[in-house]
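Here it is, the structure, as structure tokens.
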Amino acid sequence: MLAVKDDHFGKYRLNIKKTKVGIVLDASCNGWINVFENFLNSNNRRIHWVVKTNNLNSTTRILSQLQLRMDSNVLLINNNSTGFNLYEVYNTGFKRNGIFVVRDVGFWNSSLFTREQSRYNLKGAILNCVSVITEHLKNETYMHFLEASRHDRTDTLHKLKFYTVIRYLQEMYNFSVKVQRTNSWGYSYNGSFDGLIGALQRQEAEFGCSPVLFKINRAEVVDYVVPTWQTKHTFLFRQPKYQASYCSVYTRPLDVAVWRCMFGVLLIAGFTLYLILKIQSANIFLNGRDISLSLIWLFICSAVCQQGMPVYKNAVSARIIMFVTFMFSMMIYQFYNANVLSSLLNEQYNYIRSLNDLLQSDLKAGVEDMLFNKDYFKRTTDRVTLDLYKAKIATDNYYNFFDAEYGMALVKRGGFAFHVDTSAAYAVMRRTFSEREICEVGEVQLFPPQYVGAVAVKGSQYREYIAVGVSKLLETGLMNRIKLNWESRKPPCVKQRYSKIMAVNIREFSMALLFLVCGFIVSLFILVLEIFFKIIKRPPNVGTTYLTKRMKVNSVKRVHKRPLRKITFLN
């Protein structure tokens, strides 16, 4: 301990940033108040004051005029005949309608007797706080918007739920709040912040009535007190059908190796049947019958398509080949047909599972019109996110930032992915989506869920009260109850048999139509070629000879048709 006179006190430099310092003052000295004022606002939590006084009323009257804080560590020692009385002094809110408090904390003579210290009553102090309200209010004030106990409102980043927590803290610590409104959580522009963080940086308020996301640059100018809830933002979309290619629905049921084996078996069967018919072509059984390769090709096609084919069946070996081929094609057909139908009519395959899948899909994309979303796209360095932003969200032709209601309406329509706070999206889904549409909704996260936290002025004297109060609410389960009451959970997907009808669209059916049209075109083209080559191969005099023969035949017919005259013989 070092005793210093008032006129020499300014020569000492006390390091109070890293260590706690205790200063003992004698109120009977003339300059004690000057020392008190010089170090009063430097760091109240690290300086412990001990003021010895013989006139308690006079000393407390002087201290009541100073800017003592709620967390001030000032201990008054008043000498009496039997020992020393101990008092602590603080102000629940200087210039905030607070009260200067002098509280008896103990007695000291030969032993020390202390009472439990309790500063959990702010005596009705009025504290300024800032609330973020981004909604366009109609026919109501922002205080009515905050205080109305209606849980059908959109609560982005838990701002309404946290104001409910502030009302709990008011009852716990006996204080009231004066709320200021802003439309931004606080983003840095040229070294200074706007919105809620900016108001705390300029000390226009004591704490925030809305929680904010944790960011490093914000932690440099404000104090993060305690985390509250997790906030989840994700892309919501109706899962489209898997559309890798137009013909994939017909090739997907069988693997490449299976396709090769199947074609190999059919080729061997057709070649074997051709050899059997060719070997027996010299026999009288096949005299004059068609045994060409085109006939074998038609036989293979008829077996695959479950159709009959008039092939010579008297040879037992040919019958065996035909029987085996038809049985093989029947088993392949049953499996193939069932697989195609199930892939078209059953529940859709969720093939969009990541951000890259969403980027490669045909879905359009949009984002909820919130400042934190725009700030994220401005600061992120993830290549897939930036490509998605440039390709689907903000291009030269459109700027897809919408409110939650409109964005979820686009999701309901289909073909659109919307990045939104789930607390707002699930409420819209529960109100407007059908059971089938709810079951079709898929999710892809742009960034993982993040905690939001309560913030206060740097070095706030009320920081401990917010931290302890929120912690008590967490321990008792009130924080979880508030979240459940305010936040809409994801609607359950109720899957019932025959509850929905799956339709095959034109994309899957188009390959069959295309194959049929191509067959018509090829057949007509071959017909034209046949007619053309028939005309070319015809001899030059074929036409004249044909006409001459035709005329002779017609003349003969006319002669034969001419009636015979009746001849009469006279005697």
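Looking only at the stretch 71-92, filter to residues that are outside any strand (DSSP E or B) and modelled with pLDDT under 90; which one of those is farthest from the chain's Cα centre (by Cα)? Outline the logic, then answer.
Quick first cut of the stretch 71-92, residues outside any strand (DSSP E or B) only: 71-72, 80-83, 92.
Restricting the remaining residues to those that are modelled with pLDDT under 90 gives 71-72, 80-83.
Details: 71: 43, 72: 47, 80: 70, 81: 73, 82: 72, 83: 69 Å.
Among residues in the stretch 71-92 that are outside any strand (DSSP E or B) and modelled with pLDDT under 90, the one farthest from the chain's Cα centre (by Cα) is 81.
Mind listing whichever residues of the stretch 93-103 are open to solvent by less than 60 Å² (accessible area, probe 1.4 Å) and assigned to a strand (DSSP E or B)? It would help to see each step written out before you state the result.
Kept after step one, since they are open to solvent by less than 60 Å² (accessible area, probe 1.4 Å), are these residues of the stretch 93-103: 93-94, 98, 100-101, 103.
Listed by number, the residues that qualify are 100, 101, 103.
Of the numbered conditions (1) closer than 21 Å to residue 465 by Cβ; (2) in a loop (DSSP other than H, G, I, E, B), residue 66 satisfies every one except a single condition; which is it?
(1)
Each row is one residue, and each column tells you yes or no for (1) loosely packed, with under 14 Cβ neighbours inside 10 Å; (2) touching a Leu at 6+ places or on another chain (Cβ under 6 Å); (3) basic (Lys, Arg).
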position	(1), (2), (3)
394	no, no, no
407	no, no, no
416	no, yes, no
432	yes, no, no
436	no, no, yes
446	no, no, no
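Pairs only if they're at least six apart or on different chains, beta carbon under 8 angstrom, first in the stretch 310-330 and at negative phi and among the small types (Gly, Ala, Ser), second open to solvent by less than 90 Å² (accessible area, probe 1.4 Å) and modelled with pLDDT of 80 or more; list them, first residue then second.
318/273; 329/266; 329/303; 329/304
Could you tell me whether the stretch 166-173 includes any residue that is at pLDDT 90 or above, surrounded by fewer than 14 Cβ atoms within 10 Å (Cβ to Cβ), acidic (Asp, Glu) and not in a strand (DSSP E or B)?
yes
Right, another one. Please specify each residue of the stretch 438-470 satisfying the condition of being modelled with pLDDT of 90 or more, of a type in the set (Asp, Glu) and out of contact with any Ser or Thr (no Cβ under 6 Å at 6 or more places or on another chain).
Correct list: 464 only.
Continuing with this model, one more query. At pLDDT 90 or above, within 30 Å of residue 64 (Cβ to Cβ), of a type outside the set (Ser, Thr, Tyr) and surrounded by fewer than 17 Cβ atoms within 10 Å (Cβ to Cβ) - does that describe any residue in the stretch 125-141?
Yes; the residues of the stretch 125-141 include at least one that is at pLDDT 90 or above, within 30 Å of residue 64 (Cβ to Cβ), of a type outside the set (Ser, Thr, Tyr) and surrounded by fewer than 17 Cβ atoms within 10 Å (Cβ to Cβ).
A further question follows. Which of the following residues is without any contact (Cβ under 8 Å) to a residue 24 or more places away in the chain and either out of contact with any helix residue (DSSP H, G or I) (no Cβ under 8 Å at 6 or more places or on another chain) or farther than 29 Å from residue 176 by Cβ (or both): 116, 135, 88? Break it down into steps so the answer makes sense when it comes.
Working: 135 fails: either out of contact with any helix residue (DSSP H, G or I) (no Cβ under 8 Å at 6 or more places or on another chain) or farther than 29 Å from residue 176 by Cβ (or both); 88 fails: without any contact (Cβ under 8 Å) to a residue 24 or more places away in the chain.
After applying the criteria, what remains is 116.
The values are calculated or read from the model by the stated rules, or taken from the named source; none is laboratory data. Remember, it's a predicted structure, so these values are computed and weren't measured experimentally. For neighbour counting, all protein chains shown are included, and Cβ atoms are generated from backbone atoms with ideal geometry for every residue, glycine included. SASA here: full protein model, heavy atoms, side chains in, ligands and nucleic acids out. Shrake-Rupley method; radii C 1.70, N 1.55, O 1.52, S 1.80 Å.
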